[in-house]
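Engineer: Structure provided below as structure tokens; questions to follow.
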Ligand code: ARG
């Protein structure tokens, strides 16, 4: 029988019962529901609203229920709409009137908001840990491949040579920003709605600051209507997850390209590849493709919640029950994607020679030849044109810039001297880009240091507890 049966003469049909239920999804919040109820009961007793013996009985029974759930002994009743009613009705059936006093001054509206916030704080913290693990792998792989030169691209055309480490660290910074977004989502969730009751607060002398402290929230939410209606913290987390998935999908796309026969820059380990049921030779980068695909799902979760919240009047509306499925899905999907990506990168083989061979194609030295002239007084625009002619000459001859003779260079400009060969050396080209954030070995080493310093700072963040 429903906990509100007093006002009703008929109960809902089996179908509407199932249709209206959120138990299959919010079961996952059981630990937070129990944590919230214990804090509420203790506060009610401290304020003299219920007797201390009742609070003690509630606390002990809730602990037993929690253990039963954890050990798979708890029989969830399909007739319970959600985890809150499931636990409360079990509590009442175990300890009677003491259990029936727990819901004094509380509504499922502030209860569900409290549980969701507590749960999402944990999810955010766990995502932040997985994010750090991925960044650690990127940093270690960058460090291990400081000597690898690859072609840098714009428009997917060879542009200028860069260090592979530099390319990997670009992703490390993208995930660093994602960490910041996740930590902002954590902070958004870190506020206590408990005590807002249904929407207006309550006539009981509740101490909202006491439950805030007991539950480890940073602050109580100052408006009871906002407390039960706000789901922005979920939007924040899902936006952070969406952006991070978009970053992952960009990396996946490159991993997939790099693994082709055309590129041959990397080989993924067998543990992160699959074969074909018909073509014996195939080794497919399935997991990179899957992560790329899951991006659509996580962004979809965010879209669904935004649309659900659009135009909702204050305060609680049943529409809001739809909030948890997507949020939990986005969080677990991103966490799995982080872990999968970390493992995939950690175990890949990097083909240094193949990268270098490609870096030698496509006139990657052209900018540096133009800079050679500009540094010797030729206006850069003129130098650009001169090198354009040289590239055209190479195109016609089917050779590269370093196949040209000094005479060919001189035919375009007599500023060229024998030392032009230095401007054609890929490693020298890379190492000349010493500006802060550039691809020179020295600059990348400094950058790696910064990545690691940021990681150490993030590891010490408040979300991970003291
Ligand atoms: N199952 C509901 C949810 O997840 C709990 C809150 C219900 N409150 C209400 N007044 N019906 O949103």
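Engineer: Given 139, 172, 159, 200, which one is outside any helix (DSSP H, G or I) and modelled with pLDDT of 95 or more?
Structural biologist: Working: 139 fails: outside any helix (DSSP H, G or I); 172 fails: outside any helix (DSSP H, G or I); 159 fails: modelled with pLDDT of 95 or more.
Just one listed residue meets the conditions, 200.
Engineer: Further question: Residue 186 - would you say it is closer than 30 Å to residue 438 by Cα and under 16 Å from the mean Cα position of the chain (by Cα)?
Structural biologist: Numbers: closer than 30 Å to residue 438 by Cα: no; under 16 Å from the mean Cα position of the chain (by Cα): yes.
So residue 186 fails the test.
Engineer: Taking region 76-95 on its own, how many of its residues are surrounded by 11 or more Cβ atoms within 10 Å (Cβ to Cβ) and more than 16 Å from the ligand (Cβ to nearest atom)?
Structural biologist: Within region 76-95, residues that are surrounded by 11 or more Cβ atoms within 10 Å (Cβ to Cβ) and more than 16 Å from the ligand (Cβ to nearest atom) number 5.
Engineer: Would you say residue 45 is over 24 Å from residue 122 (Cα atoms), more than 16 Å from the ligand (Cβ to nearest atom) and touching a helix residue (DSSP H, G or I) at 6+ places or on another chain (Cβ under 6 Å)?
Structural biologist: Values: over 24 Å from residue 122 (Cα atoms): yes; more than 16 Å from the ligand (Cβ to nearest atom): yes; touching a helix residue (DSSP H, G or I) at 6+ places or on another chain (Cβ under 6 Å): yes.
So residue 45 fits the description; yes.
Engineer: In this structure, does residue 280 turn out to be modelled with pLDDT under 95 and crowded, with 20+ Cβ neighbours inside 10 Å?
Structural biologist: Details: modelled with pLDDT under 95: yes; crowded, with 20+ Cβ neighbours inside 10 Å: no.
Considered against the rule, which asks whether it is modelled with pLDDT under 95 and crowded, with 20+ Cβ neighbours inside 10 Å, residue 280 comes out as no.
Engineer: Please identify the pairs in which a residue from region 108-134 that is within 18 Å of residue 238 (Cβ to Cβ) and within 16 Å of the ligand (Cβ to nearest atom) has its Cβ atom under 6 Å from the Cβ atom of a residue that is at pLDDT 95 or above and not in a helix (DSSP H, G or I), counting only partners at least 6 apart or on another chain.
Structural biologist: Partner pairs satisfying both residue conditions: 113/193.
Engineer: Would you pick out the residues in region 429-440 that are buried (at least 18 other Cβ atoms within 10 Å of the Cβ) and within 15 Å of residue 168 (Cβ to Cβ)?
Structural biologist: 430, 439 - these are the residues of region 429-440 that are buried (at least 18 other Cβ atoms within 10 Å of the Cβ) and within 15 Å of residue 168 (Cβ to Cβ).
Engineer: For region 51-70: of the residues being under 15 Å from residue 204 (Cβ atoms) and surrounded by fewer than 22 Cβ atoms within 10 Å (Cβ to Cβ), which is farthest from the ligand (Cβ to nearest atom)?
Structural biologist: 51
Engineer: For region 104-129, enumerate the residues that are over 13 Å from residue 31 (Cα atoms), surrounded by fewer than 21 Cβ atoms within 10 Å (Cβ to Cβ) and within 22 Å of the chain's Cα centre (by Cα).
Structural biologist: Those that are over 13 Å from residue 31 (Cα atoms), surrounded by fewer than 21 Cβ atoms within 10 Å (Cβ to Cβ) and within 22 Å of the chain's Cα centre (by Cα): 125, 126, 129.
Engineer: Would you call residue 101 away from the ligand (no atom under 16 Å from the Cβ), touching a residue at least 40 places away in the same chain (Cβ under 8 Å) and more than 30 Å from residue 264 (Cα to Cα)? First the steps, then the outcome.
Structural biologist: Working: away from the ligand (no atom under 16 Å from the Cβ): yes; touching a residue at least 40 places away in the same chain (Cβ under 8 Å): yes; more than 30 Å from residue 264 (Cα to Cα): yes.
For residue 101, the condition - away from the ligand (no atom under 16 Å from the Cβ), touching a residue at least 40 places away in the same chain (Cβ under 8 Å) and more than 30 Å from residue 264 (Cα to Cα) - is met.
Engineer: Can you confirm whether residue 149 is within 30 Å of residue 360 (Cα to Cα) and touching a strand residue (DSSP E or B) at 6+ places or on another chain (Cβ under 8 Å)? Working first, answer last.
Structural biologist: Working: within 30 Å of residue 360 (Cα to Cα): yes; touching a strand residue (DSSP E or B) at 6+ places or on another chain (Cβ under 8 Å): yes.
Considered against the rule, which asks whether it is within 30 Å of residue 360 (Cα to Cα) and touching a strand residue (DSSP E or B) at 6+ places or on another chain (Cβ under 8 Å), residue 149 comes out as yes.
Engineer: Taking the options 209, 217, 164, name whichever one is within 30 Å of residue 365 (Cβ to Cβ) and touching a strand residue (DSSP E or B) at 6+ places or on another chain (Cβ under 7 Å). Can you show your working first?
Structural biologist: On the way: 209 fails: within 30 Å of residue 365 (Cβ to Cβ); 217 fails: within 30 Å of residue 365 (Cβ to Cβ).
Result of the check over 209, 217, 164: 164.
Engineer: Let me ask something additional. So, residue 320, is that one in a helix (DSSP H, G or I), away from the ligand (no atom under 16 Å from the Cβ) and crowded, with 20+ Cβ neighbours inside 10 Å or not? Break it down stepwise before answering.
Structural biologist: On the way: in a helix (DSSP H, G or I): yes; away from the ligand (no atom under 16 Å from the Cβ): no; crowded, with 20+ Cβ neighbours inside 10 Å: yes.
No, not satisfied.
Engineer: Scan region 1-40 for residues that are without any contact (Cβ under 8 Å) to a residue 60 or more places away in the chain and within 13 Å of the ligand (Cβ to nearest atom) and jot them down.
Structural biologist: Answer for region 1-40, where residues must be without any contact (Cβ under 8 Å) to a residue 60 or more places away in the chain and within 13 Å of the ligand (Cβ to nearest atom): 4, 12, 19, 24, 27.
Engineer: Can you tell me which condition residue 289 does not meet? The list is (1) part of a helix (DSSP H, G or I); (2) more than 16 Å from the ligand (Cβ to nearest atom); (3) buried (at least 18 other Cβ atoms within 10 Å of the Cβ), and all the others hold.
Structural biologist: Only one criterion in (1) part of a helix (DSSP H, G or I); (2) more than 16 Å from the ligand (Cβ to nearest atom); (3) buried (at least 18 other Cβ atoms within 10 Å of the Cβ) is unmet by residue 289, namely (3).
Engineer: Any chance region 341-357 includes a residue that's buried (at least 20 other Cβ atoms within 10 Å of the Cβ) and under 13 Å from the mean Cα position of the chain (by Cα)?
Structural biologist: Among the residues of region 341-357, at least one is buried (at least 20 other Cβ atoms within 10 Å of the Cβ) and under 13 Å from the mean Cα position of the chain (by Cα), which makes the answer yes.
Engineer: Under the condition of being assigned to a helix (DSSP H, G or I) and out of contact with any helix residue (DSSP H, G or I) (no Cβ under 8 Å at 6 or more places or on another chain), which residue from region 255-284 is farthest from residue 347 (Cα to Cα)? Walk me through how you get there before you give the answer.
Structural biologist: Restricting attention to region 255-284, the residues satisfying the condition of being assigned to a helix (DSSP H, G or I) are 255-258, 270-272.
Narrowing the set further to residues that are out of contact with any helix residue (DSSP H, G or I) (no Cβ under 8 Å at 6 or more places or on another chain) leaves 257-258, 270.
On the way: 257: 17, 258: 15, 270: 9 Å.
Applying the filter and picking the extreme gives 257.
Engineer: Over 30 Å from residue 338 (Cα atoms), more than 16 Å from the ligand (Cβ to nearest atom) and without any contact (Cβ under 8 Å) to a residue 12 or more places away in the chain: is that true of residue 73 in this structure? Talk me through it step by step, then tell me what you get.
Structural biologist: Working: over 30 Å from residue 338 (Cα atoms): yes; more than 16 Å from the ligand (Cβ to nearest atom): yes; without any contact (Cβ under 8 Å) to a residue 12 or more places away in the chain: yes.
In short, yes.
Engineer: Output the number of the condition that residue 262 fails; it satisfies all remaining conditions of (1) at negative phi; (2) touching a residue at least 24 places away in the same chain (Cβ under 8 Å).
Structural biologist: (2)
Engineer: Quick check on residue 137: is it crowded, with 18+ Cβ neighbours inside 10 Å, farther than 28 Å from residue 22 by Cα and more than 25 Å from the chain's Cα centre (by Cα)? Reasoning before the result, please.
Structural biologist: Values: crowded, with 18+ Cβ neighbours inside 10 Å: yes; farther than 28 Å from residue 22 by Cα: yes; more than 25 Å from the chain's Cα centre (by Cα): no.
So residue 137 fails the test.
Engineer: Among the residues that make up region 309-316, is at least one of them within 16 Å of the ligand (Cβ to nearest atom) and either part of a helix (DSSP H, G or I) or under 16 Å from the mean Cα position of the chain (by Cα) (or both)?
Structural biologist: yes
The values are calculated or read from the model by the stated rules, or taken from the named source; none is laboratory data. Note that the coordinates shown come from a computational prediction; the quantities given were computed from them, not determined experimentally. Quick reminder, even Gly has a Cβ in these numbers, built from the backbone with ideal geometry, and neighbours come from all protein chains shown.
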